[in-house]
Amino acid sequence: MPVISAPQAFNQDDLYVDLEGIFEHPLFLKCEGFNFAGSIKLKAATEMVEAAERDGRLTPDSILVESSSGNLGVALSMIAANKGYRFVCVTDSRCNLATRMMMEALGGQVHIITEPDPVGGLLGARIRHVHALCDSDDRYVWLNQYANPSNGRAHYRRTAPAIARQFPDLDVLFVGAGTTGTLMGCARYFREWHRPVRIVAVDAIGSVTFGGAPGRRMIPGLGTSRRPPLLDESYVDDVVRVAEADTIRACHRLAGRGFLFGGSTGTVVSGAMDWLARRDERELTAVAIAPDLGERYLETVYQTAWVEDLYGDDVLDSRPLSIPSQAA
């Protein structure tokens, strides 16, 4: 049997869920949550840390620091613990409690930002705090997932080729937009592939990634309050924006059929179903990337009181997406 010596050594690249039996359009969901860090961020974290080690930026005395809404923080906590680095995650009040506790259990320090920057929002305030830490002590090393090319390179090298192997006739790929590392890595790979693949970015309403006014976003993961430096829109064919109420509905619909996914996955699935419904092209081979699983969202997305307090008493009673009846 395989012997695993480090957390980053294990990742499940070939697990998919066929959602056609749950929603009315065929869609394969690539599940990225079955690794030791519980999310796709393990790939980016591994690539960024190894690049920093090769470049000599990381030494035994270094203190890793990163701004994260949660999943990258967990991945870096694991890698730091395995390699013997100290790690500080700068997050904000939207970070799930389970995620914060996991980072702390792995030996990471968690700094929680509660006051948004007047211009850059909570993300801007987090990054300002990271800069202050780096200015205070030269042992701090900021990997900067928002601008680090290794973020996208991880998905160019691993995520996209895995999809290509499994779906040689792929027509459309749906990718959630956060730092846009996954989006850009996959988009660049398929731009060079032997057949055209339409790349559809899925973003949260209230995010400014693709323009538009900033708005309230309570579910961590996708969306930003400042344009990601990694983003090159010339690689993106379409953008779908999803309201958080629809994210909630998609998550609960999936859970009702036995699949507990995270908020980012709910957003991606909702956006993909909206895109497919508007085109009604049932012969397409369509894949969406599910960044994580749902255990870290039990106190938010899957907590009725939290959902109803933020989105209204009837949010879970509404007919979600374009979903057939149970009898169909």
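Values computed for the structure shown
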quantity: Residues whose placed amide H lies under 5 Å from that of residue 58, excluding near-sequence neighbours; calculated: 53
quantity: Built amide H within the under 5 Å cut-off of residue 111, gap 5+; calculated: 89, 90, 91
quantity: Accessible surface, 1.4 Å probe, highest first, among residues 102, 273; calculated: 102, 273
quantity: Residue-wise HN-Hα coupling along segment 159-168, computed from phi with Karplus coefficients 6.51, -1.76, 1.60 (Hz; x: Gly, Pro); calculated: 5, 5, x, 5, 5, 4, 5, 7, 10, x
quantity: Accessible surface of segment 186-253, 1.4 Å probe, proportion on carbon and sulfur as whole %; calculated: 46
quantity: Per-pair calculated FRET efficiency, R0 = 45 Å: residue 20 and residue 93 via Cβ, rounded to 0.05; calculated: 0.75
quantity: Gain in span if fully extended, residue 298 to residue 57, counting 0.36 nm per residue against the direct Cα distance; calculated: 83.0 nm
quantity: GNM result for the chain, Cα springs below 10 Å: residue of 315, 119, 17 fluctuating most strongly; calculated: 119
quantity: Label-point separation in nm, residue 280 to residue 81, each point 7 Å along Cα→Cβ; calculated: 5.2
quantity: Residue (of 77, 312, 143) at the positive-pole extreme of the chain, dipole from beta-carbon charges; calculated: 143
quantity: Whole-Hz ³J(HN,Hα) from phi, Karplus 6.51 cos²θ - 1.76 cosθ + 1.60, for segment 99-108, glycine and proline x; calculated: 5, 4, 5, 5, 4, 5, 5, 8, x, x
quantity: Equivalent-ellipsoid semi-axes of segment 97-227, from the Cα gyration tensor, Å, largest first; calculated: 31, 19, 14
quantity: GNM flexibility winner over the chain from 285, 114, 247 (Cα, springs under 10 Å); calculated: 114
quantity: Under the Karplus curve 6.51 cos²θ - 1.76 cosθ + 1.60, θ = phi - 60°, whole-Hz ³J(HN,Hα) for segment 299-316, x wherever Gly or Pro sits; calculated: 8, 10, 4, 9, 9, 4, 4, 4, 5, 5, 5, 8, 10, x, 5, 9, 4, 8
quantity: Solvent-accessible area per residue, Å², over the chain with all protein chains present [probe radius 1.4 Å]; calculated: 42
quantity: Evaluated over the chain, the Cα radius of gyration and Dmax, each in Å; calculated: 19.0, 62
quantity: Segment 32-93 - charge dipole about Cα centre, Lys and Arg +1 at Cβ, Asp and Glu -1, debye rounded to 20; calculated: 100
quantity: Choice from 43, 30, 83 showing the highest fluctuation, given a GNM over the chain with Cα pairs closer than 10 Å; calculated: 83
quantity: Shape of segment 1-138, Cα gyration tensor, a/c cut at 1.5; calculated: oblate
quantity: Amide H contacts of residue 202 (H built 1.01 Å from N, under 5 Å, at least 5 apart or other chain); calculated: 175, 176, 177, 240
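The values are calculated or read from the model by the stated rules, or taken from the named source; none is laboratory data. Because the structure is a prediction, the values reported are computed rather than measured. No Cβ is skipped: glycine too gets one built from the backbone with ideal geometry, and neighbour counts run over all protein chains shown. For accessibility, only protein heavy atoms count, side chains too; no ligands or nucleic acids. Shrake-Rupley method; radii C 1.70, N 1.55, O 1.52, S 1.80 Å.
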